Amino acid sequence: MKAENKMPDEPYGYCGMPCALCTRYRTEGTSRCPGCSCGGYYTEGCKVYRCCRERGLAHCGECAEFPCARLGTMGDFRDLDTGHVKPRTCRFIAEHGFAAWQREYSQRAALLTEALARYNDGRMKRFLCELFIKTDLDTLRELMRRAETISGTPKEAGKAFRALSQEKEK
């Protein structure tokens with residue numbers, strides 16, 4: 001399928017990296033990466049980026065040749081523990097389409113924005129980004145619903161949110 005879909009408001013990696021959930025995208029200043037679909041730091045040397053652009057694809061998961069050797073040799077994102085989000089994203093898009101992934105991704109990014117605003121005590125960005133990359137959307141919605149009662153200083157709110165998010169793992 002060619003890239004006829006509306007591009008999401010949130011940037012993404014053609015390889016499956018959800019850029020709007022990455023700490024590099026969520027930072028301020030000169031180290032901020034605008035995301036791969038917006039000419040981010042990692043696009044110039046990326047074989048997957050070039051391949052998708054040459055084929056006119058919005059995403060690697062749309063390719064009739066998915067999975068291929070180019071994607072297969074790529075590891076997890078080096079800056080975050082994403083739980084191998086790239087192949088998960090590509091498989092989802094191959095099975096359900098780019099638009100379905102885009103809807104879920106937009107919701108996930110909005111929830112992360114809310115969590116960062118409410119529960120980031122200044123030292124939780126990496127934790128929150130990894131949580132929102134690795135956890136399924138229904139669980140995240142439930143976590144955010146349960147966290148609505150959290151109050152206190154930023155440090156107290158961050159600590160309470162972390163504890164609440166770790167309850168789901170037990």
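The values are calculated or read from the model by the stated rules, or taken from the named source; none is laboratory data. Owing to the predicted nature of the structure, the values given are computational and were not obtained by experimental measurement. Reconstructed Cβ throughout: ideal geometry from the backbone, glycine too, with neighbour counts over all protein chains shown.
Quick notes on this one:
- All positions within the range 23-49 that are aromatic (F, W, Y) and touching a residue at least 24 places away in the same chain (Cβ under 8 Å): Y42, Y49
- Every residue from the range 33-46 that is surrounded by 14 or more Cβ atoms within 10 Å (Cβ to Cβ) and not aromatic (F, W, Y): C33, P34, G35, C36, S37, C38, G40, T43, C46
- Identity of the residue in the range 134-149, basic (K, R) and surrounded by 13 or more Cβ atoms within 10 Å (Cβ to Cβ), that ends up nearest to G83 (Cα to Cα): K134
- The one condition in (1) surrounded by 13 or more Cβ atoms within 10 Å (Cβ to Cβ); (2) within 30 Å of A58 (Cβ to Cβ) that M124 fails to fulfil: (2)
- Pairs meeting the criteria (first residue in the range 58-69 and within 14 Å of G97 (Cβ to Cβ) and of a type in the set (G, A, S), second residue surrounded by fewer than 21 Cβ atoms within 10 Å (Cβ to Cβ) and modelled with pLDDT of 85 or more, beta carbons under 8 Å, at least 6 apart or on different chains) are G61/R91; G61/F92; G61/A94.
- Highlighted here are the helices (runs of 4 or more DSSP H) found entirely within the range 1-115 that include at least 3 residues which are at pLDDT 90 or above and touching a helix residue (DSSP H, G or I) at 6+ places or on another chain (Cβ under 6 Å): 85-96.
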